[in-house]
1. With respect to Glu62, is the statement that it is open to solvent by 100 Å² or more (accessible area, probe 1.4 Å), free of Cβ contacts under 8 Å to residues at least 24 places away in the same chain and under 10 Å from the mean Cα position of the chain (by Cα) true?
2. Say whether the condition of being in a helix (DSSP H, G or I) and surrounded by 16 or more Cβ atoms within 10 Å (Cβ to Cβ) is met by at least one residue in region 18-39.
3. Determine if region 41-56 includes at least one residue that is assigned to a helix (DSSP H, G or I), in contact with a Pro (Cβ under 6 Å, 6 or more places away or on another chain) and surrounded by 16 or more Cβ atoms within 10 Å (Cβ to Cβ).
4. Scan region 45-67 and tell me whether some residue there is small (Gly, Ala, Ser) and in contact with a helix residue (DSSP H, G or I) (Cβ under 6 Å, 6 or more places away or on another chain).
Amino acid sequence: MIRKDDNLKSIAMNLFNSMPLPLIFKPVAMGSSHGVIAAFNFNELEEALVYAFSFSDELFKEKGLSFEYT
């Protein structure tokens, strides 16, 4: 679980260095798929965190599946 912090760049860097991408974020306080977002590269991490934290002060994170469209 990730808790909201003022330093989103630090959270993004820690996630990038500790988990493989893509990452999926889901707000803890929301039901269904409200606020769920994926980050596929480092540049998307901070944007994804800002978006997901707009729904809740705590997020679940999990590794997403990598695939290619054919």
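1. Numbers: open to solvent by 100 Å² or more (accessible area, probe 1.4 Å): yes; free of Cβ contacts under 8 Å to residues at least 24 places away in the same chain: no; under 10 Å from the mean Cα position of the chain (by Cα): yes.
No; evaluated as a whole, the condition is false for this residue.
2. So the first thing to find is which residues in region 18-39 are in a helix (DSSP H, G or I), and the list is 18.
From what is left, the residues that are surrounded by 16 or more Cβ atoms within 10 Å (Cβ to Cβ) are none.
No, region 18-39 contains no residue that is in a helix (DSSP H, G or I) and surrounded by 16 or more Cβ atoms within 10 Å (Cβ to Cβ).
3. Looking for residues that are assigned to a helix (DSSP H, G or I), in contact with a Pro (Cβ under 6 Å, 6 or more places away or on another chain) and surrounded by 16 or more Cβ atoms within 10 Å (Cβ to Cβ), one finds at least one in region 41-56, hence yes.
4. Filtering region 45-67 for residues small (Gly, Ala, Ser) gives 48, 52, 54, 56, 64, 66.
Then keep just the ones that are in contact with a helix residue (DSSP H, G or I) (Cβ under 6 Å, 6 or more places away or on another chain); that gives none.
No.
The values are calculated or read from the model by the stated rules, or taken from the named source; none is laboratory data. Keep in mind the model is a prediction, meaning the values are calculated, not measured. Quick reminder, even Gly has a Cβ in these numbers, built from the backbone with ideal geometry, and neighbours come from all protein chains shown. Protein only, heavy atoms only, side chains kept; ligands, DNA and RNA dropped before computing areas. Shrake-Rupley method; radii C 1.70, N 1.55, O 1.52, S 1.80 Å.
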